[in-house]
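To start, the structure under review is shown below, and the notes come after it.
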Amino acid sequence: MTESQTVILGCAGKSPTREEISFYRNEMPWGFILFARNVGEAEQLRDLVAHLRDCVGWHAPVFIDQEGGRVQRLRPPLAPNYPAGGALGALYRDDEEAGLRAAWLLSRLHAFDLARYGVDADCLPVLDVPVEGASDVIGQRAYGKEPKIVAALGRAAADGLAAGGVLPVMKHIPGHGRATADTHFELPTVTASLDDLRRHDFAPFEALNDLPAAMTAHVVYRAVDPANPATTSGKVVEEVIRGLIGFDGLLVSDDTSMKALSGDFPTKAASILAAGVDIVLHCNGDMDEMRGIVSRVKPLEGAAKARAERALASMKAPDDASEADLRAEFAAYFEAVA
């Protein structure tokens with residue numbers, strides 16, 4: 001890990017090309033992220049994960065977005081289709097104990113699914129709290145519209161991943177729920193007051209500020225920094241994420257290839273790191289874009305390295321739970337459609 005750079009990178013296909021292998025070996029990303037385009041069959045996926053790690057010479061973390069619902073990179077037959085976070089919230093509102101147990105179970109089952117292929121970090125829980133009129137980019141991915149419910153189910157989800165040896169990465173700090181645009185395509189501006197943001201949007205992240213890792217929001221919060229989205233705002237990072245929320249874990253940007261961020265890729269990478277974000281994330285595997293990103297990242301050192309090491313150290317060996325028993329228990333709440 002001593003040679004790692006402050007970047008997590010994707011891969012274009014189901015196996016790394018010679019160009020990608022050479023690139024990863026030279027640039028030494030701290031980790032990798034997988035998307036549906038990288039997923040074929042079981043042996044292929046295991047080989048891809050192992051090959052990526054071989055490029056950097058250590059057991060680098062491999063990330064994925066495996067939430068359930070419409071954001072789920074592993075699908076049948078590699079993993080069942082699972083319900084979205086909103087379904088867990090609906091269950092919780094009927095029966096709090098059942099909702100919390102189901103949220104833990106779902107994450108523990110994700111961990112079983114991911115471990116089979118060597119994937120050990122999941123960008124979950126989603127702690128965004130939507131409001132009426134917001135973009136549907138979060139929608140049913142959220143556990144609900146009440147910060148306390150989101151925090152409670154988010155804690156259960158994070159605990160389930162950790163019990164299975166998987167690193168949870170909460171998102172999208174300090175809160176994406178009010179965004180009126182899809183950040184994949186444009187930059188949203190949130191106009192709520194700081195008091196409203198702290199009471200509603202920031203609250204679940206503050207409640208879970210002890211988690212080891214978080215992903216930023218490509219959202220402008222006018223009450224804090226009207227000029228820059230959180231991902232590139234030193235003011236949001238220092239005053240809100242590190243300050244009001246009190247999060248001192250590893251801070252990873254959301255994807256730099258999303259249209260919400262302006263500028264070329266070297267500029268994006270430099271702006272993210274200058275804002276105090278620890279790791280730059282680039283997902284789509286486009287080689288030209290990745291070259292631009294790595295031209296401005298730097299060796300992982302200092303506080304960022306310490307946070308990265310703490311995040312990795314938080315990953316413990318999986319518990320000895322019976323997968324069959326947990327799947328049967330979960331099925332009593334939700335029928336996972338294979």
When you scan the stretch 236-286, how many residues do you find that are surrounded by 17 or more Cβ atoms within 10 Å (Cβ to Cβ) and either hydroxyl-bearing (Ser, Thr, Tyr) or touching a Cys at 6+ places or on another chain (Cβ under 7 Å) (or both)? 6
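So that you can scan it fast, the table gives a plain yes or no per residue for (1) over 29 Å from Arg141 (Cα atoms); (2) assigned to a helix (DSSP H, G or I); (3) more than 17 Å from the chain's Cα centre (by Cα); (4) at pLDDT below 95:
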{"site": "Gly31", "(1), (2), (3), (4)": "no, no, no, no"}
{"site": "Asp54", "(1), (2), (3), (4)": "yes, yes, yes, no"}
{"site": "Trp58", "(1), (2), (3), (4)": "yes, no, yes, no"}
{"site": "Phe63", "(1), (2), (3), (4)": "no, no, no, no"}
Are there any pairs with C-beta distances below 7 angstrom linking a residue in the stretch 296-307 that is in a helix (DSSP H, G or I) to a residue that is of a type outside the set (Phe, Trp, Tyr), with the two at least 6 apart or on different chains, and if so which? Ala304/Thr6; Ala304/Asp278; Arg307/Gly249; Arg307/Leu250; Arg307/Asp278
Return the total of residues in the stretch 85-133 being under 20 Å from Val169 (Cα atoms) and either of a type in the set (D, E, K, R) or part of a strand (DSSP E or B) (or both). 9
Within the stretch 215-236, residues of a type in the set (A, V, I, L, M) and either touching a helix residue (DSSP H, G or I) at 6+ places or on another chain (Cβ under 7 Å) or under 14 Å from Thr189 (Cα atoms) (or both) come out as Ala217, Val219, Val220, Ala223, Val224, Ala227, Ala230, Val236
Condition first: surrounded by 17 or more Cβ atoms within 10 Å (Cβ to Cβ), in a helix (DSSP H, G or I) and among the aliphatic types (A, V, I, L, M). Now tell me which residues in the stretch 1-21 satisfy that. none
Of the residues that make up the stretch 179-188, is at least one touching a residue at least 24 places away in the same chain (Cβ under 8 Å), surrounded by fewer than 24 Cβ atoms within 10 Å (Cβ to Cβ) and not in a loop (DSSP other than H, G, I, E, B)? no
Return a yes/no flag: does the stretch 257-272 have any residue that is over 29 Å from Ala84 (Cα atoms), of a type in the set (Ser, Thr, Tyr) and touching a Ser or Thr at 6+ places or on another chain (Cβ under 8 Å). yes
Near pairs, Cβ below 8 angstrom, 6+ apart or cross-chain, from the stretch 100-126 (under 19 Å from Leu211 (Cα atoms)) to any residue that is part of a helix (DSSP H, G or I) and of a type in the set (S, T, N, Q): Asp122/Ser107; Leu124/Ser107; Pro125/Ser107
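The values are calculated or read from the model by the stated rules, or taken from the named source; none is laboratory data. All figures in this text were calculated on a predicted structure; none of them were measured in a lab. As a convention, Cβ positions derive from the backbone with ideal geometry for all residues, glycine included, and neighbour counts pool all protein chains shown.
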